1. Yes or no: residue B:9 over 11 Å from residue B:188 (Cβ atoms) and crowded, with 22+ Cβ neighbours inside 10 Å?
2. Restricting to the range A:235-268, give me the number of residues that are among the hydroxyl-bearing types (Ser, Thr, Tyr) and within 14 Å of chain B (Cβ to nearest Cβ).
3. Quick check on the range B:71-80. Is at least one of its residues within 16 Å of ligand 2 (Cβ to nearest atom), surrounded by fewer than 24 Cβ atoms within 10 Å (Cβ to Cβ), within 11 Å of chain A (Cβ to nearest Cβ) and more than 28 Å from residue B:197 (Cα to Cα)?
4. Name the pairs: first residue in the range B:210-223 and of a type in the set (Val, Ile, Thr), second residue within 16 Å of ligand 2 (Cβ to nearest atom) and part of a helix (DSSP H, G or I), Cβ to Cβ under 7 Å, at least 6 apart or on different chains?
5. Out of A:114, A:74, A:85, A:107, report the one residue that is part of a helix (DSSP H, G or I), under 13 Å from the mean Cα position of the chain (by Cα) and either more than 12 Å from chain B (Cβ to nearest Cβ) or surrounded by 22 or more Cβ atoms within 10 Å (Cβ to Cβ) (or both).
6. Pick out, from the range A:150-268, the helices (runs of 4 or more DSSP H) lying fully within it that include 2 or more residues that are modelled with pLDDT of 90 or more.
7. Checking residue A:39 against (1) out of contact with any strand residue (DSSP E or B) (no Cβ under 8 Å at 6 or more places or on another chain); (2) assigned to a helix (DSSP H, G or I); (3) facing chain B (nearest Cβ under 9 Å), only one condition comes out false. Which one?
8. From the list B:108, B:116, which residue is modelled with pLDDT of 95 or more, facing chain A (nearest Cβ under 10 Å) and either surrounded by fewer than 24 Cβ atoms within 10 Å (Cβ to Cβ) or at positive phi (or both)?
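The values are calculated or read from the model by the stated rules, or taken from the named source; none is laboratory data. A quick note: this is a predicted structure, and the numbers were derived from the prediction, not measured. Ideal geometry is used to build each Cβ from the backbone, glycine not excepted, and the neighbour counts take in all protein chains shown.
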Amino acid sequence: MNLISAELLKLRTTSLWWIFAVSMVPLYGLALGYNWLTTSVITEMDVPDEGPFGLISMQQIVSNLYTSGQFAGVLLVLLLSAILVTNEFFHLTATATFLTTPRRELVILAKMAVAVLIAVTVWLFTTGLNLIFAPVALSSTNNESFLGESFVWQAISLNLLVHVLWALVGIGCGVLIRSQIGTTITLTVLYVVGTQIFTAVFAVLANQVDEVFMQLRVLVPTLASELLVSGPQSPEDLPRWVGAVVLLAYAGVAGVLGTLITKRRDIA
Amino acid sequence: MTMSRPNYAEISVERLTKHYAKVRAVDDLSFTVHAGRVTGFLGPNGAGKTTALRMILGLVTPTSGTATIGGVRYVDMPDPIRQVGAILEASSAHRGRSARNHLRIICRAAGLPDQRADEVLAMVGLNTVGTRKFKGYSLGMKQRLGIAAAMLGDPRVLILDEPTNGLDPEGIRWMRDLLRALAAEGRTVLVSSHLLGEMQQLADDVVIIAAGRLIRQGPVAEVLGSTAGVARVRVRTPQPDQLAAALRDAQLEVTATPDGLLQVSGADAARVGHLAFTAGVELHELTGESADLERAFLDLTAGKAGAR
Ligand SMILES: Nc1ncnc2c1ncn2[C@@H]1O[C@H](COP(=O)(O)OP(=O)(O)OP(=O)(O)O)[C@@H](O)[C@H]1O
Ligand SMILES: [Mg+2]
């Protein structure tokens with residue numbers, strides 16, 4: 001508990017958190033605006049409630065609306081979590097930290113706890129706003145609010161889950177890579193354009209080598225995340241929980257490996 | 001926070017070794033640091049002082065050997081901040097964080113009350129600038145903050161890596177008085193430094209290492225006595241040639257400097273004065289050069305130094 005309180009104080013006493021908080025606001029606005037626009041466009045096209053409509057169903061649209069800000073929120077949670085770790089090396093505070101707490105794994109655990117708290121906070125922030133704006137957007141496009149529907153609440157819960165899982169991935173990667181700039185760039189690239197790149201890579205592999213590669217796609221963290229959030233898009237897709245397991249495995253492997261390395265590493 | 005624990009703690013280093021890819025930074029090093037004394041940890045650049053101190057503090061993993069404080073390894077201490085205070089070369093705070101918050105974070109993690117941060121800030125004279133960000137701190141202020149952090153848990157052992165680096169003469173004096181006072185309270189103080197003159201005034205004991213190995217350990221006077229066997233005397237006289245001849249007759253080594261000064265080694269001032277008197281030579285100055293740590297250090301580490 002002492003360590004978590006110390007980690008929270010670390011977070012609060014630099015300008016980092018509010019830089020992230022401030023950038024979250026316009027990114028959320030953008031996401032909401034985009035989803036709002038999509039809703040109105042699709043509604044005018046008069047989509048059936050259930051069943052696939054080309055690429056997107058009404059259920060999908062409404063879920064997106066209630067999870068607006070997910071893309072940016074998860075990215076910020078991911079980066080902030082990683083920086084919680086890399087900061088210690090970048091600013092040479094690791095010496096003071098590990099002198100105070102020589103059992104280094106406890107420090108990493110405390111950072112994981114704080115990363116989860118950050119994830120929950122960001123989720124609360126966007127979800128709170130979504131519960132206000134999504135019904136407005138829906139009624140402005142002559143739709144009902146769908147708040148009675150279980151799929152909405154499932155989307156909102158899964159949104160929390162991906163935030164938390166990515167927070168853990170962030171800590172794990174921060175511990176593993178350690179370089180502040182290296183980690184930030186790697187994670188941003190992986191998260192922002194990773195999906196497109198890996199989708200293409202796996203499509204080519206599946207086409208040229210073996211169909212099985214299409215199934216292995218889920219091993220890419222961003223694609224696992226997408227599967228978890230959106231569910232299977234076609235009959236041959238894997239079920240949702242596989243996405244959660246893959247993400248959790250990444251967080252676990254990176255975290256455990258990173259912690260073991262951190263325990264052994266010379267702090268100089 | 002009073003010094004209520006009477007138990008003193010020794011630092012015990014046993015066969016400590018650290019190999020890096022290309023260098024044996026610390027090589028089979030053993031020494032003991034006693035409570036109630038200031039121990040100077042000396043060695044040329046690259047001797048392995050910082051590496052040894054970091055191993056004692058559990059930051060660097062030894063290749064082999066052990067280091068314990070009061071019989072316990074640092075990493076096994078449940079409350080290390082209350083046992084050991086440390087300042088290390090690279091110890092640093094986040095640039096964008098205030099000194100006070102930096103200390104409070106340590107307090108939180110160690111389960112100490114927040115107000116302890118203000119107490120130690122006042123103790124090192126930083127109380128008026130405690131809310132300023134670390135990036136605005138001068139080198140001297142950073143060293144003072146380091147001391148403040150080291151004193152948070154009122155530890156019985158202090159381990160300091162070149163704490164006087166960047167301090168002005170007044171700061172150095174302040175540090176010296178502080179460390180002496182802490183040792184006088186019964187604490188164990190191990191301090192590395194390059195400033196040998198400074199060390200001579202500060203330390204009770206010295207541990208001298210070079211190329212990762214122990215050269216000499218013991219009370220300052222003992223270490224000096226063992227190396228300064230050759231006493232040196234400086235004489236000024238209007239008849240340098242005559243005196244030099246008389247001294248050489250007595251098997252002493254004499255070097256003349258252009259300004260009429262003679263450097264005599266192998267005898268003390270009384271002997272030189274007596275020889276001059278017998279030779280009927282007039283003296284204007286006669287100074288015995290006391291053995292100093294710098295010379296002892298240079299003698300002891302000669303040929304073993306050099307950046308590695
Ligand atoms: N992380 C490291 N990797 C490789 N070599 C290292 C590392 N740290 C120290 N060394 C080497 O170990 C030796 C001892 O270094 P150390 O910093 O302990 O010396 P020092 O006595 O503190 O020197 P100084 O008086 O200059 O501070 C040096 O040769 C140094 O180059
Ligand atoms: Mg050093």
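1. It is false that residue B:9 is over 11 Å from residue B:188 (Cβ atoms) and crowded, with 22+ Cβ neighbours inside 10 Å.
2. Summing the residues that are among the hydroxyl-bearing types (Ser, Thr, Tyr) and within 14 Å of chain B (Cβ to nearest Cβ) in the range A:235-268 gives 1.
3. no
4. Going by the 7 Å Cβ cut-off, the qualifying pairs are B:215/B:301.
5. Every option except A:74 fails the conditions.
6. Helices (runs of 4 or more DSSP H) meeting the threshold: A:150-177, A:180-192, A:240-264.
7. (3)
8. Result: B:108 is the single residue among B:108, B:116 that is modelled with pLDDT of 95 or more, facing chain A (nearest Cβ under 10 Å) and either surrounded by fewer than 24 Cβ atoms within 10 Å (Cβ to Cβ) or at positive phi (or both).
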